[in-house]
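First up is the structure itself, then whatever we jot down about it.
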Amino acid sequence: MIDKNAPVGVFDSGVGGLTVAREIMRNLPSEKIVYFGDTARVPYGSKSKDTVIRYSSQIVHFLREQNVKAIVIACNTASAFALEAVQDKLDIPVLGVIEAGARVAAEETKNKRVGVIGTVGTVGSGIHESYLKRLDPEITVIGKACPLFVPLVEEGWLHDPVTVEVASRYLQELKDEQVDTLILGCTHYPLIRSTIQEVMGEKVRLVNPAYETALELKSLLTKMDLLSTGEQQAEFPYRFYVSDLADEFKEFANSILPYDVTMTRKIDIEKY
């Protein structure tokens with residue numbers, strides 16, 4: 001039997017998944033979180049499917065040792081490549097970040113032209129398109145890889161002229177294609193949401209899968225009677241682990257989370 005007061009496991013290739021953790025903190029304030037960022041092996045977007053599945057399996061093994069009650073794969077590339085492989089091995093619920101965003105985009109689009117931006121791996125996988133086509137075969141999906149967005153975010157250049165210039169060049173193709181809905185298909189991208197909105201124009205609806213995934217997690221835990229009662233409040237409700245660069249991770253986490261991260265522990269993920 002799963003302990004409803006056990007933490008939720010969240011993992012990502014690095015810091016981007018903190019946008020998902022942030023939405024879980026906001027929308028499920030009674031839940032405890034164990035977060036793992038694979039900062040030694042980031043980025044996943046340029047890795048092969050087999051490699052991403054191997055990395056994800058190691059991380060899931062670590063999170064299971066932390067007695068988590070559910071796992072959120074807070075990385076679009078890992079969701080695209082490893083979700084089914086991970087789900088097959090586990091007896092607890094596992095969510096990715098792709099399905100919820102695709103569902104909202106399918107509901108929101110008026111002209112049935114949906115854009116997807118993400119890493120080379122995520123866009124190349126075509127997974128958003130397959131979800132969207134299943135929901136509505138008439139939707140046209142235009143994917144655009146934006147690999148420079150991740151380093152710009154991690155550099156902290158969230159409102160920098162360089163970021164605006166890069167966004168303008170990447171997104172022109174999507175503007176030319178007249179998309180009316182745009183999925184932020186990488187968990188780093190919500191951190192430059194205002195820049196992307198500025199470039200795309202106010203009429204384009206941006207879909208933030210981090211927010212939608214938190215709502216889906218809430219719905220799933222409610223349905224399975226696994227929502228935390230909030231009775232066993234831990235001294236540290238949010239625990240953070242990384243495979244490298246713990247101090248840099250902690251500094252970045254404190255810049256975007258509504259919670260003071262006092263401890264980040266480095267672990268040897270290759271042992272798993």
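The values are calculated or read from the model by the stated rules, or taken from the named source; none is laboratory data. This is a predicted model, so every value here is computed, not measured. A quick note on method: Cβ atoms are made from the backbone with ideal geometry, for glycine too, and the neighbour counts reach across all protein chains shown. Keep in mind that these areas ignore ligands, DNA and RNA; they rest on the heavy atoms of the full protein, side chains included. Shrake-Rupley method; radii C 1.70, N 1.55, O 1.52, S 1.80 Å.
Overview of results
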{"quantity": "Cα centre as origin, Lys/Arg/Asp/Glu Cβ charges: the chain dipole, Debye", "calculated": "380"}
{"quantity": "Accessible area expressed per residue, segment 93-153, with surrounding protein chains retained (probe 1.4 Å, Å²)", "calculated": "41"}
{"quantity": "In degrees, nearest ten, helix 76-89 long axis to first principal axis of the chain (Cα)", "calculated": "40"}
{"quantity": "P(r) of segment 209-272 over all Cα-Cα pairs, binned every 10 Å from zero, in whole percent", "calculated": "18, 31, 40, 12"}
{"quantity": "Carbon plus sulfur fraction of accessible area for segment 98-209, probe 1.4 Å, in percent", "calculated": "49"}
{"quantity": "Label-to-label distance, nm, for residues given as residue 27 and residue 64 (7 Å Cα→Cβ offset)", "calculated": "2.7"}
{"quantity": "Amide hydrogen neighbours beyond the local backbone of residue 183, cut-off 5 Å, H modeled", "calculated": "115, 116, 117, 207"}
{"quantity": "Lysine pairs with alpha-carbon atoms under 16 Å apart, segment 98-209, spacing 8 or more or separate chains", "calculated": "8"}
{"quantity": "Two-decimal Rg to Rh for segment 98-209 - Kirkwood Rh, Cα set", "calculated": "0.94"}
{"quantity": "For residue 266, distant residues with modelled amide H under 5 Å away", "calculated": "242"}
{"quantity": "DSSP beta bridge pairing in the chain, given as percent antiparallel to the nearest 5", "calculated": "0"}
{"quantity": "In Å², nearest 10: area of residue 211 left accessible to a 1.4 Å probe", "calculated": "90"}
{"quantity": "Among 115, 170, 148 - extreme Cα towards positive end, dipole of segment 98-209, charges at beta-carbon", "calculated": "115"}
{"quantity": "Among 213-226, 182-195, 89-102, 139-152, the order from most to least packed when residues are scored by Cβ within 10 Å on average", "calculated": "182-195, 89-102, 139-152, 213-226"}
{"quantity": "Length-normalised contact order of segment 98-209 in % [C-alpha pairs under 8 Å, at least 6 apart]", "calculated": "36"}
{"quantity": "Cβ crowding within 10 Å averaged over residues, with 237-248, 62-73, 116-127, 256-267 ranked highest first", "calculated": "116-127, 62-73, 237-248, 256-267"}
{"quantity": "Residue-by-residue Karplus 3J(HN,Hα) for segment 51-63, coefficients 6.51, -1.76, 1.60, Hz, glycine and proline x", "calculated": "5, 5, 5, 5, 4, 5, 5, 4, 5, 4, 4, 4, 5"}
{"quantity": "Protein accessible area in segment 25-76, 1.4 Å probe - carbon and sulfur %", "calculated": "46"}
{"quantity": "In degrees, nearest ten, helix 161-176 long axis to first principal axis of the chain (Cα)", "calculated": "60"}
{"quantity": "Karplus (6.51, -1.76, 1.60) ³J(HN,Hα), θ = phi - 60°, over segment 209-221, in Hz, Gly and Pro reported as x", "calculated": "x, 4, 5, 5, 5, 4, 5, 5, 4, 4, 5, 5, 5"}
{"quantity": "The chain, relative contact order [Cα under 8 Å, separation at least 6], %", "calculated": "27"}
{"quantity": "Anisotropy class of segment 1-146 from Cα gyration tensor, a/c 1.5 cut", "calculated": "prolate"}
{"quantity": "Burial order of peptide ranges 18-31, 74-87 (average beta-carbon count within 10 Å, highest first)", "calculated": "74-87, 18-31"}
{"quantity": "Value at 222 nm in deg cm²/dmol, rounded to 500, when DSSP H runs of n ≥ 4 in the chain each add -39,500 (n - 2.57)", "calculated": "-13500 deg cm²/dmol"}
